[in-house]
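Data block below; observations after.
Just so it is clear, none of the values below were taken in a lab; they were calculated from the coordinates. Fair warning: this is a prediction, and the values are worked out from it, not measured in the lab. Quick reminder, even Gly has a Cβ in these numbers, built from the backbone with ideal geometry, and neighbours come from all protein chains shown.
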Amino acid sequence: MSWDKHGKEDELLTWKDVMEVERYVYTVGPDGEAFLRGLREGKILGRKCPRCGRVYVPPRLYCEYCFLENGEYVEVKEPYLDSFTTIYFDNREKRLDEPITVGLVRFKEATGGLLAIVQGIPEIGKKVEILEYSIPLRVRA
């Protein structure tokens, strides 16, 4: 079975309106706080399940396989590019001066991943170097 998406660019749906986000206060919670603290220190943190050993990036409170509260925070290493796309137009259909490559960065022996702006020539499965610990990450392929 194929999950390929077919369609025309002019058929894509977009939301063109103003959202009044200043009225809401969102908190990142304890896992988000630890994750952001790690970014400031130049680390990518995940959280490890005490039963199955899965490490979730970004950290999450519960293991989705064991339904237990995850345990310790661990630093993950060995980032690699799992998938990517190159963007040539902005959301108002104006051609960008320079295309932007956005990729999903995963980490060896971890579940989940993080979005990143990719510099260099992207290649799926290729190790990447984290240039900037921010949201989104900035990496070099």
What are the ³J(HN,Hα) couplings of region 129-137, residue after residue, when phi is run through the Karplus curve with 6.51, -1.76, 1.60 and θ = phi - 60°? Round to Hz, x for glycine and proline.
9, 7, 8, 9, 8, 9, 10, x, 4
Final fewest-first order of ILE117, ILE44, ILE135, ILE130 on the 10 Å Cβ neighbour count is ILE135, ILE117, ILE130, ILE44
In Hz, Karplus ³J(HN,Hα) per residue of region 59-69 (6.51, -1.76, 1.60; θ = phi - 60°; x = Gly, Pro):
x, 9, 5, 10, 6, 6, 9, 9, 6, 10, 5
If I take every Cα pair under 8 Å that is 6 or more residues apart in region 65-113, average their sequence separation and divide by the length, what percent do I get for the relative contact order?
38
Under the Karplus curve 6.51 cos²θ - 1.76 cosθ + 1.60, θ = phi - 60°, whole-Hz ³J(HN,Hα) for region 112-124, x wherever Gly or Pro sits:
x, x, 9, 6, 8, 8, 9, 9, x, 9, x, 8, 4
Could you give the length gained on full extension between THR27 and LYS127, defined as 0.36 nm per residue of separation minus the Cα-Cα distance, in nm?
32.8 nm
Normalised by the residues of region 37-141, what does the relative contact order come to in percent, with Cα pairs under 8 Å and at least six apart?
23
The long-range amide H neighbours of ILE44, using H built 1.01 Å from N in the peptide plane and a cut-off of under 5 Å, are VAL76
